[in-house]
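Okay, so here's the structure we're looking at.
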Amino acid sequence: MNPLLWPEYSVLLGVLACLAAVMALGTKRSAEYPVSIVALVASAVFTVHGWSGHQSPVALYGQTVIIDNFSVAVDGLVILAAAASILLGWNERRSGTDFPALVLLAALGMMVLGAANSFLVLFLGIELLSLPLYILAASPGTSASGEAGLKYLLLGAFSSGILLFGLALLYGGSGTMIFTAIGPAHTIAPLVAAGSALTLVGLIFKLGVVPFHMWVPDVYEGSSMPVAHFMAFGTKVGAAAILMRFLFFGFYLSPGVWGPLIGYLGVLTMIVGNLMALPQNDLKRLLAYSGIGNAGYLLIGLASHNVTGAEAMLFYLLPYGFAVMGAFAVVTMVAGERSSISVKDLAGLSSRSPALSAFFVVAMLSLAGIPLTGGFVGKFYLLQAALFANQPGLAVGLVLATLVGMGAYLRPLLASFGHPAQSLEPIVWPWGGALVLAVATLGTIGLGVYPAPIVQIVSHSANFFWLH
Amino acid sequence: MLGLIEIVVLPLMGSVTIMAFGGLMPKRLPGIWASLVVFASFLASIAADVRLGHLSAAHRMITGTLGAWVTGFGPAIGWRLTLDPLSAVWLLVITGIGFLIHVYSNGYMHGDSGEARYFSYLNFFIFAMLLLVLAGNLLILLIGWALVGLASYFLIGFWYERTSAVLAAKKAFVMNTVGDVGVLVGLALLYLRYHTVAYPGLFHAFASAVPGQPFFEWTAFLLYIGAMAKSAQFPLHMWLADAMEGPTPVSALIHAATMVTAGVYLMTRLFPLLRLAPVTHEMIGVIGAFTAIFAASIAFFQQDIKRVLAYSTLSQLGYMFLGVGVGAYTAAVFHFVTHAFFKALLFLAAGSVIHALAGEQDLSRMGGLAKKLPVTMWTFLAGTLAIAGFPPFSGYFSKEALLGAAFNSGHYGLWLIGVITAGMTAFYMFRLFFLTFFGSPRDQALYQHAHEAPLVMTIPVAILAVLAVAGGALGGGLDRWLAPVFAQYPGAAHAALAAGPIWSTVLTVGLAVVGMGAAYWIYLRRGLAPTAGTETAPGRWMRQAWGLDAAWTLVAVEPSKILGDAFRKMERGVLFAVDGVATGIWAWAEDLRPLQTGQVRRYALSIMVGLFAILAYYLVRGRVIG
């Protein structure tokens, strides 16, 4: 038992404890929710402790795993996402008893991705992340959950096959499984090039990058709210983390090869994602396309290939996560017993529940990138990274996509301030959702007004020396 | 942090607690609590100043960074507070006079339904003003700068049921925003060039720069625009007269003693920059002198007791800027201090009059109040003598220092304007004094009910009266206290106080006596009504402030309206276009289809297309690079 891995161990123990609780207590009394939260809190404590404890990277298990400040920061983000999902779905009979255990298991996969330094660990993490999500997407929450789960499983298996093939080619071409051991001579060998291409496809499929994005809206639509939230936040964190590990650690010598590709994909993704978000009526689909657009923003950090880019990318995950938490919490509360809601259902929200509507405004403005919210600061740093990297194309793409996104995010806002409420049923405030909403709103505004502490953390986490 | 943070945070805490719990507090508690908080801040200021005084002259500065604010991705900007002898002077005046005015407000605002809200705003103003003067860099200064504007907006519009108050508040805010933009752009230019906005870093860089470059002229000019708006210099001066819609203690604190002198503070603080911008520097003096005489002329025919005082404030601010413009920085600060004493006194005494007359501010319904309000009359007289520059009252010394410096530095034109304005000041101030307190009562009903203010109001006024009478004695000490600041960087060689020629003094005082005599002759001996002369052509122009409001409306407001309309139309167009795009996507997009018809086959095809594109890219790119 390596002491540095306690954040992961505690989540794993949490999974086991949840399963034990379900077995011991049956489905009548649900002890698994508190148990899972306890596990996450413990993991968070170990993460914070680990953060303050070690500054230099530690390689474990024959260099296949690296624990450094980056992996610890990813742990923190994943814990936040998982905790928010579990709180949103607290004691939700529609989610089923296995919901907390599956969320923890997927979270474990994301944490593994943050620390991966080898092809095997990469694949392990991706599968550990995906398999619980297949089940969660298929668990009966919405009318179309079975179809969504099946679709996700089919396409996920498809992309996993591509990923595995790519990893095999990479191993064949470079002769090593370790990212940091790939030599300069290997990085441009044709076999390695083909392997990188296939691996990249497998990874950006998880991130939801155009043209590998089509599953995202369907799966979100078919999943319950907490699960969709977890996919929107947690999966993005895991996929972004492994992309950064893979490209910045494995192929840091050849940014000229992959840099432009990531840049093109990023601009394409953010423009398509935000454009497609414009006409959506179902809020979950809207947030799905928003997630796609945000995946494009994240790629800017990679394509810049400088310290600022790495920091900006890691930073952006937090304000994005807070905004997603806020938006999904509001949508969950407004939906109540329904499984999905459309923009029209928001009508008159401001008079129905002014507080909820105010929280919704904060989340949406942050997604749109309005100053004094974290979303603005995050986009600003990405813009700065693109300009420092002398890549004005990325910057222009970011600004255009943000402009389009403004239209997409303001439409639901407009509806919420619009005509008197069509549905007058009172809004129930579950305490879990209220807590998530409070944290998300405070975080969004806090990051917008005073980002310095997080910037401090980020600049210690993503400050890879070879990027200087 | 080093005793500075407490000074700033105490009033903020007062404001927040009153805002949050004001409704629960007993009726008088918000006022008492607010006054106590400011008093504590005053004591902390004294303690900090004493500690500052113990430092050696070369290092007389207490500075500390609370934490980084903007970090990580470029040059860092911190929450930085700095206390040096210059900010120390402002600190004492803000908290000291601020405390007296808080106490006075306890009497003046008693019974107003918005009492808690009033004290919350007033404390908030003190916080913002302290942040402004204690700022260790220009960005923190700008925050304070904008917040005092906001506090001023709240307090001018305090009686928001009155349309005129709301309009005045809006006007003040808009004009102040013009200045905020000037400061923002100015500091952005400095940041781009020097990668810092902290004073020491900038001033070190300035010390070795060559004067006269356009860059310095522009930055100095932009920062001066900020000072111009905040300190109501011509042509951004109109908001100050309208700001009298606020409660009178507010006029005393914000629109006379402290906030409107923020411009003087900024310009004095930036003296190393002014050295590099000789044209702008000269312009500051010219505009200051013009504002002084221009505002004095408007004050001649005003009918409202507070408006006379407002225009006299404008005029005195003009004097201070004249001092800045001729490089007499210590004299400008000295005049700020004495002006804070006598103008706060005059406003509070006028407040007592207004209080006694149940809110009446019109001069044509006053008169003969000396019998009813003896304390107020005597204190008002002290303030009037001080502002008119009669020796040995405080205003005499600071005004002499300003005019002497103008004469010594060869600005004879500015000096002459200053001397003439001194005579005019004596005339309009004594007109005000005589019309208020002497002659026969012009409104018997009001006169019968007039009564002296309660002690809680008269004691602060009396303390201010003592300061207004004796404040001139501070001059020598102030000179020594500020000397280290001006010795630190080049650009303030003539900052120290210096006397002008004796005949200049005689001339100035002589003119003041003539002005007083003329007021006595016209309004007491001949007994003319306050409205006398307003129907003549020059009187009409002067009374309406030379028609500048209409000019501004024509030049700035109307075009802005047209621009705003144009933008609204453009926005409509953009919205229409966005809707169009959305509809277009609906008609065209495949994966908008809801779940049940989305085909996995098609999705997989998209993945394959993407895969082959990326594969091809990699193979080609690898070949190209290799």
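The values are calculated or read from the model by the stated rules, or taken from the named source; none is laboratory data. Remember, it's a predicted structure, so these values are computed and weren't measured experimentally. Cβ placement follows ideal geometry from the backbone for every residue including glycine, while neighbour counts extend to all protein chains displayed.
Some notes on this structure:
- Condition check for residue A:352: of a type in the set (D, E, K, R) and without any contact (Cβ under 8 Å) to a residue 12 or more places away in the chain: no
- Residue within segment A:222-237 that is within 8 Å of chain B (Cβ to nearest Cβ) and either at negative phi or aliphatic (A, V, I, L, M) (or both) present: yes
- The selection criterion, being modelled with pLDDT of 85 or more, part of a helix (DSSP H, G or I) and not β-branched (Val, Ile, Thr), does not hold for residue B:622.
- In segment A:14-26, the count of residues that are small (Gly, Ala, Ser), under 26 Å from residue A:203 (Cβ atoms) and modelled with pLDDT of 90 or more is zero.
- A Cβ distance below 8 Å, combined with a sequence gap of six or more or placement on separate chains, defines the contacts here; from segment B:214-239, residues that are small (Gly, Ala, Ser) reach residues that are assigned to a loop (DSSP other than H, G, I, E, B) in the pairs B:220/B:270; B:220/B:277; B:227/B:233; B:229/B:236.
- Applying the condition of being among the β-branched types (Val, Ile, Thr) and within 9 Å of chain B (Cβ to nearest Cβ) to segment A:187-203 and asking which residue is nearest to residue A:90 (Cα to Cα) yields A:201.
- Only one entry in A:103, A:209 is of a type in the set (A, V, I, L, M) and within 11 Å of chain B (Cβ to nearest Cβ), namely A:209.
- Boolean, residue A:365 is in contact (Cβ under 8 Å) with a residue 24 or more places away in the chain and more than 14 Å from chain B (Cβ to nearest Cβ): yes
- Residue under evaluation residue A:140, criteria (1) touching a Phe, Trp or Tyr at 6+ places or on another chain (Cβ under 9 Å); (2) without any contact (Cβ under 8 Å) to a residue 60 or more places away in the chain, criterion not met: (1)
- Every residue from segment B:142-179 that is over 20 Å from residue B:553 (Cβ atoms) and of a type in the set (A, V, I, L, M): B:142, B:143, B:146, B:147, B:148, B:150, B:151, B:155
- Test: residue in segment A:325-342 that is in a helix (DSSP H, G or I), within 14 Å of chain B (Cβ to nearest Cβ) and more than 15 Å from residue A:363 (Cβ to Cβ): no
- Residue that is surrounded by the fewest Cβ atoms within 10 Å (Cβ to Cβ), among those in segment B:23-43 that are modelled with pLDDT of 85 or more and more than 13 Å from residue B:103 (Cα to Cα): B:43
- Leading residue by the ranking (nearest to the other protein chains (Cβ to nearest Cβ)) among those in segment A:276-310 that are among the β-branched types (Val, Ile, Thr) and over 18 Å from residue B:582 (Cβ atoms): A:308
- Hits in segment A:262-277 (condition: buried (at least 24 other Cβ atoms within 10 Å of the Cβ) and either farther than 29 Å from residue A:251 by Cα or touching a strand residue (DSSP E or B) at 6+ places or on another chain (Cβ under 7 Å) (or both)): A:274, A:276, A:277
- Extreme residue, nearest to the other protein chains (Cβ to nearest Cβ), among residues of segment A:446-468 that are buried (at least 21 other Cβ atoms within 10 Å of the Cβ) and part of a helix (DSSP H, G or I): A:455
- Among the residues of segment A:391-411, those identified as among the β-branched types (Val, Ile, Thr) and within 14 Å of chain B (Cβ to nearest Cβ) are A:402, A:404.
- In the set (1) within 11 Å of chain B (Cβ to nearest Cβ); (2) within 15 Å of residue B:618 (Cα to Cα), residue A:247 fails one condition alone, (1).
- Restricting segment B:446-496 to residues that are of a type in the set (Phe, Trp, Tyr) and surrounded by fewer than 20 Cβ atoms within 10 Å (Cβ to Cβ), the residue that is nearest to residue B:53 (Cα to Cα) is B:489.
- Given (1) over 23 Å from the mean Cα position of the chain (by Cα); (2) modelled with pLDDT of 80 or more; (3) surrounded by fewer than 21 Cβ atoms within 10 Å (Cβ to Cβ); (4) over 27 Å from residue A:446 (Cβ atoms), index of the condition residue B:19 fails: (4)
- Contacts under 8 angstrom Cβ, first residue in segment B:11-25 being farther than 21 Å from residue B:96 by Cβ, partner of a type in the set (Val, Ile, Thr), 6 or more apart: B:25/B:18
- Residue match in segment A:388-405 (condition: closer than 30 Å to residue A:338 by Cα and surrounded by fewer than 18 Cβ atoms within 10 Å (Cβ to Cβ)): no
- Check on residue B:456, without any contact (Cβ under 8 Å) to a residue 12 or more places away in the chain, part of a helix (DSSP H, G or I) and not charged (D, E, K, R): no
- Residue B:91 being closer than 30 Å to residue B:456 by Cβ and not assigned by TED's automatic domain parsing to the domain that holds residue B:485: yes
- Count of residues meeting criterion [more than 17 Å from residue B:303 (Cβ to Cβ) and surrounded by fewer than 24 Cβ atoms within 10 Å (Cβ to Cβ)] in segment B:356-381: 11
- Close pairs from segment B:612-624: first at the interface with chain A (Cβ under 8 Å from one of its Cβ atoms), partner of a type in the set (S, T, N, Q), Cβ under 7 Å, at least 6 apart: B:618/A:196
- Filter result for residue A:300 (in a helix (DSSP H, G or I), out of contact with any His (no Cβ under 8 Å at 6 or more places or on another chain) and more than 27 Å from residue A:453 (Cβ to Cβ)): no
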